[in-house]
Amino acid sequence: MKTIVLKFGGTSVGSIDRIKKVCKIIAFYKKQKNKVVVVSSAMSGVTNELVNKSKLISSNFDRAEYDALVSTGEQASCALIAGRLKHNGFKSRSWISWQLPILTDGPHSSARIISVGIKELNKYLNLGGIPIITGFQGISNDFRITTIGRSGSDATAIMLAKFIKAEECIIYTDVDGVYTTDPRQYKKAKKIKKIFYDEMLEMASLGSKVMQPTSVQDAKLNKIDIKVKSSFVKKSGTLITGSKKTFSNQIITGISSTKNDAKITIVGVKDKPGVAASIFRPLSKNLINVDMVVQNISQNGNETDLTFTIKSEDLKKTQRLIKKNKSISYKKLSFDKDLSKVSIIGVGMITTPGITYRMFQALASKKINILVISTSEIKISVLISSKNVKKAVAVLHKEFKLD
Ligand code: ADP
Ligand code: ASP
Ligand code: MG
């Protein structure tokens, strides 16, 4: 008898009709004599509505209350799923994270799951029950509700699969797998049959929202294979794995892009040890995520320019923090918004020379200006104007023979 974890995302449980359909998928696995554990997200739109309400109550809403509030959507969807399964004659019940418990560590709204209590779950599974567990949330060691980052139900599913020692973990979503790029943005995107954890991790971190980055990291650390499938259509999906068996020989596996990036340049800062740390210290304290960082080579040995990117929503706060930072001096502060980062990702890059040139040449052929570049072993990212993203994805998709 296999133990299978099934995770359903927001659109998969987005309406009563959808929940009824999801229950048919659950029934399919149960009838094949598996032990089935279900993790569900909130119905689509519900978490966003709760986030908006918190903003209307206070621009500085308490972080602990934020988690208590935004985690409630999952309780409702899980109860609805369990209720429908019982209606159909199955043994089922919902479990809220603290009832297991799912223990987390780290700050509110970006906590990490450290353990999942499985004693009661195992008893229930042995009795033939189907447990339906709230994704996205847990409790801290002082018994406060926590959440594990937006789209966090993916990570709940992976960690449950780890602790319950599941043979399979299937992420059901609204696309039938991981594609070479977002299929809703680019029609010629192709489904990827198998993708390495590292590639998926880069794609997810660089804007492909089909999987939450933390969940891929958890899967990699715990060697848990993930299948991504559609709850809408019955088609083969994508396997996310570390296994090197039967991989295609594509150089580039996928292309990701972000929205709403902003760039800040500090012109004429002192070129001496500790300056970069002084600039970024207040940003880090205020939980502002700094992404790409470029420091120019100093012309005169005294001064340099420093450029970095952040999310547009953090732009005003960042400008304020830099202006009131007494430990740095500079000549000018400039910024740009409506920028996007476009990245090509693939392990094939390690062994193939000339990829950087091909990327830049392809972008140049469409007259797309590159503002900032950053690279790692398996990815190259460029910062460009948001209005050029579609064009850039299309030309790169073609250049690397993904069409
Ligand atoms: P869920 O609610 O099931 O968690 P998400 O909205 O988080 O679903 O993720 C699915 C969406 O991810 C798709 O609808 C698709 O538009 C988007 N997406 C972005 N990049 C990719 C990609 N490379 N492959 C597949 N889907 C992608
Ligand atoms: N409901 C949460 C969100 O919208 C978690 C999830 O969907 O995975 O972010
Ligand atoms: Mg998701």
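The values are calculated or read from the model by the stated rules, or taken from the named source; none is laboratory data. Just so we're clear, the structure is a prediction, and the values are computed from it rather than from any experiment. As a convention, Cβ positions derive from the backbone with ideal geometry for all residues, glycine included, and neighbour counts pool all protein chains shown.
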Inset, instruction - Kindly indicate whether any position in region 119-126 is assigned to a loop (DSSP other than H, G, I, E, B) and over 20 Å from residue 13 (Cα atoms). - result: no
Legend entry - Near pairs, Cβ below 8 angstrom, 6+ apart or cross-chain, from region 54-65 (assigned to a helix (DSSP H, G or I)) to any residue that is aromatic (Phe, Trp, Tyr): 54/61; 54/66; 55/61
Inset, instruction - Give region 228-241 a look and list any residue that's within 16 Å of ligand 3 (Cβ to nearest atom) and either of a type in the set (Ser, Thr, Tyr) or crowded, with 18+ Cβ neighbours inside 10 Å (or both), or say none. - result: 228, 229, 230, 231, 237, 238, 240
Legend entry - From the options 55, 91, residue that is more than 30 Å from residue 317 (Cα to Cα) and out of contact with any Cys (no Cβ under 9 Å at 6 or more places or on another chain): 91
Inset, instruction - Name every residue in region 172-193 that is surrounded by fewer than 18 Cβ atoms within 10 Å (Cβ to Cβ), more than 17 Å from residue 232 (Cβ to Cβ) and either of a type in the set (Asp, Glu) or in contact (Cβ under 8 Å) with a residue 40 or more places away in the chain (or both), in order of residue number. - result: 185, 188, 190, 193
Inset, instruction - Would you please name the residue that is surrounded by the most Cβ atoms within 10 Å (Cβ to Cβ), looking only at residues in region 59-76 that are more than 16 Å from ligand 1 (Cβ to nearest atom) and acidic (Asp, Glu)? - result: 67
Inset, instruction - Mind telling me which of the residues 345, 288, 328, 297 ends up being modelled with pLDDT of 95 or more and hydrophobic (A, V, I, L, M, F, W, C)? - result: 345
Inset, instruction - Would you confirm whether any residue within region 104-119 is within 22 Å of the chain's Cα centre (by Cα), closer than 26 Å to residue 349 by Cβ, among the polar types (S, T, N, Q) and away from ligand 2 (no atom under 16 Å from the Cβ)? - result: no
Inset, instruction - List the strands (runs of 3 or more DSSP E) that sit entirely inside region 163-255 and contain at least 2 residues that are within 16 Å of the chain's Cα centre (by Cα) and near ligand 1 (Cβ under 10 Å from one of its atoms). - result: 168-173
Inset, instruction - All but one of (1) within 16 Å of ligand 2 (Cβ to nearest atom); (2) within 22 Å of residue 350 (Cα to Cα); (3) touching a residue at least 60 places away in the same chain (Cβ under 8 Å) hold for residue 252, so report the exception by its number. - result: (1)
Inset, instruction - Please specify each residue of region 261-290 satisfying the condition of being over 34 Å from the mean Cα position of the chain (by Cα) and not in a strand (DSSP E or B). - result: 271, 272, 273
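For every residue, the table says whether it meets (1) within 9 Å of ligand 2 (Cβ to nearest atom); (2) out of contact with any Leu (no Cβ under 7 Å at 6 or more places or on another chain); (3) closer than 25 Å to residue 120 by Cα.
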| site | (1), (2), (3) |
| --- | --- |
| 2 | no, yes, yes |
| 13 | no, yes, no |
| 28 | no, yes, yes |
| 35 | no, no, yes |
| 38 | no, no, yes |
| 44 | yes, yes, no |
| 54 | no, no, no |
Legend entry - Residue check for residue 147: within 16 Å of ligand 3 (Cβ to nearest atom) and either hydroxyl-bearing (Ser, Thr, Tyr) or surrounded by fewer than 24 Cβ atoms within 10 Å (Cβ to Cβ) (or both): yes
Inset, instruction - Mind checking which helices (runs of 4 or more DSSP H) fall wholly inside region 291-403 and carry at least 1 residues that are within 23 Å of the chain's Cα centre (by Cα) and either of a type in the set (Phe, Trp, Tyr) or within 30 Å of residue 186 (Cα to Cα) (or both)? - result: 315-323, 389-399
